[in-house]
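Taking it in order: structure first as structure tokens, then the write-up.
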Amino acid sequence: MDALRVCLYVFAGVTLGTWVLSVLTREYSWVDRIWSIVPVAYLAIFAGAAGFADARLDVMFALVTLWGIRLTFNFARKGGYARGGEDYRWAVLRERMAPWQFQVFNFFFISLYQNAILLLITLPALTASDHQGSFGVADVVVAVVFAAFLVGETVADQQQWAFHREKHAGRASTRFLQEGLFRFSRHPNFFFEQAQWWVIAVFGIVAGGLQWTVVGAVLLTLLFVGSTRFTESITKSRYPEYADYQRRVSAVVPWPPKREPVRG
């Protein structure tokens, strides 16, 4: 059985499983709970189908595994796997929808669409599998860039974790994080997360040129665009001063902040 077909079976099973669990438990973050795990499985399937003998596929698998370990750890320490560890945004959305509307949204967007993205972002491995060859200088450069983005996301998540611990203890000087990497981007962790999957897409381009399998990175970026806007609308409703932060600091791509106007 070819690797893509196996991945499609996994996709169907995981989509059905996350949807059924959401209906039974009335918690709607089951896709979040497998987000860092399923892509690793997809890469393992492609690398395994090549007998773990293709250097490019093996490196892609190793890098995505490191991504998955880091993201799983960060999600776990925030209580994402605990009972009641649902994404707070779903509760907000449920208040804005009729129950039947949210259930339609749950099936088609939360379960089906997001799981489809998790499969699609890994499909540059399909391109690499179809165009197996030597691991060259371009591959080395791409791997190093991925590692740099992985470090960036690790730093951003650690800064966010430390801030929220300080805030919970009543020692934070601001109501939302504005220091460290968050001085240059309102969502640096979002930037590095997307960037890593664009790098995986570049692996496919290096292997076989521009292919349709880049669509996963495109759809992931569009998902983050919508997610960022929704998240910020909630934050702004809680903290009116967030509007000034939005004016000064880049939304996603790290960039020097705008200078405060001189007063007086």
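The condition of being part of a helix (DSSP H, G or I), closer than 26 Å to Asp139 by Cβ and either modelled with pLDDT under 95 or not aromatic (Phe, Trp, Tyr) (or both) holds for only one of Leu21, Leu16, Leu43, that being Leu43.
Residues in segment 201-218 that are open to solvent by 40 Å² or more (accessible area, probe 1.4 Å) and under 20 Å from the mean Cα position of the chain (by Cα): Val202, Val215, Val218.
Only one of these is open to solvent by less than 70 Å² (accessible area, probe 1.4 Å) and touching a residue at least 60 places away in the same chain (Cβ under 8 Å): Ala172, Ala156, Ala195, Ala147. Name it. Result: Ala147 is the single residue among Ala172, Ala156, Ala195, Ala147 that is open to solvent by less than 70 Å² (accessible area, probe 1.4 Å) and touching a residue at least 60 places away in the same chain (Cβ under 8 Å). Taken together, the residues in segment 98-113 that are open to solvent by 30 Å² or more (accessible area, probe 1.4 Å) and either in contact with a helix residue (DSSP H, G or I) (Cβ under 7 Å, 6 or more places away or on another chain) or of a type in the set (D, E, K, R) (or both) amount to 2.
With the structure loaded, tell me whether Asp58 is touching a helix residue (DSSP H, G or I) at 6+ places or on another chain (Cβ under 6 Å) and open to solvent by less than 60 Å² (accessible area, probe 1.4 Å) or whether it fails that test. The answer is yes for Asp58. Filtering Trp30, Trp19 for residues that are closer than 30 Å to His164 by Cβ, open to solvent by 40 Å² or more (accessible area, probe 1.4 Å) and touching a Leu at 6+ places or on another chain (Cβ under 9 Å) leaves a single hit, Trp30.
Scanning segment 236-252 for residues that are under 19 Å from Val92 (Cα atoms) and charged (D, E, K, R) yields Lys236, Arg238.
Taking the stated definitions as given, is Ile45 β-branched (Val, Ile, Thr), within 23 Å of the chain's Cα centre (by Cα) and open to solvent by 60 Å² or more (accessible area, probe 1.4 Å)? Spelling it out, it is not the case that Ile45 is β-branched (Val, Ile, Thr), within 23 Å of the chain's Cα centre (by Cα) and open to solvent by 60 Å² or more (accessible area, probe 1.4 Å). Kindly provide the set of residues from segment 130-183 that are aromatic (Phe, Trp, Tyr), under 27 Å from Ala3 (Cα atoms) and in a helix (DSSP H, G or I), ordered by number. Within segment 130-183, just Phe146 meets the criteria. Of the residues making up segment 116-130, one or more are more than 23 Å from the chain's Cα centre (by Cα), in contact (Cβ under 8 Å) with a residue 40 or more places away in the chain and surrounded by fewer than 17 Cβ atoms within 10 Å (Cβ to Cβ). Taken together, the criteria exclude Arg5 from residues that are touching a residue at least 40 places away in the same chain (Cβ under 8 Å) and of a type in the set (D, E, K, R).
Only residues that are touching a Gly at 6+ places or on another chain (Cβ under 6 Å), among the β-branched types (Val, Ile, Thr) and assigned to a helix (DSSP H, G or I): list them for segment 86-129, please. Thr127, the sole residue that qualifies. Inside segment 245-258, can you point out the residues that are without any contact (Cβ under 8 Å) to a residue 24 or more places away in the chain and open to solvent by 60 Å² or more (accessible area, probe 1.4 Å)? Result: Arg247, Lys258.
Determine whether segment 74-95 contains at least one residue that is among the aromatic types (Phe, Trp, Tyr), open to solvent by 60 Å² or more (accessible area, probe 1.4 Å) and farther than 22 Å from Thr228 by Cα. The answer is yes; a qualifying residue exists.
The values are calculated or read from the model by the stated rules, or taken from the named source; none is laboratory data. Not measured: the values here are computed from a predicted model. Quick reminder, even Gly has a Cβ in these numbers, built from the backbone with ideal geometry, and neighbours come from all protein chains shown. What goes into the accessible areas is simple: the full protein's heavy atoms, side chains included, and nothing from ligands, DNA or RNA. Shrake-Rupley method; radii C 1.70, N 1.55, O 1.52, S 1.80 Å.
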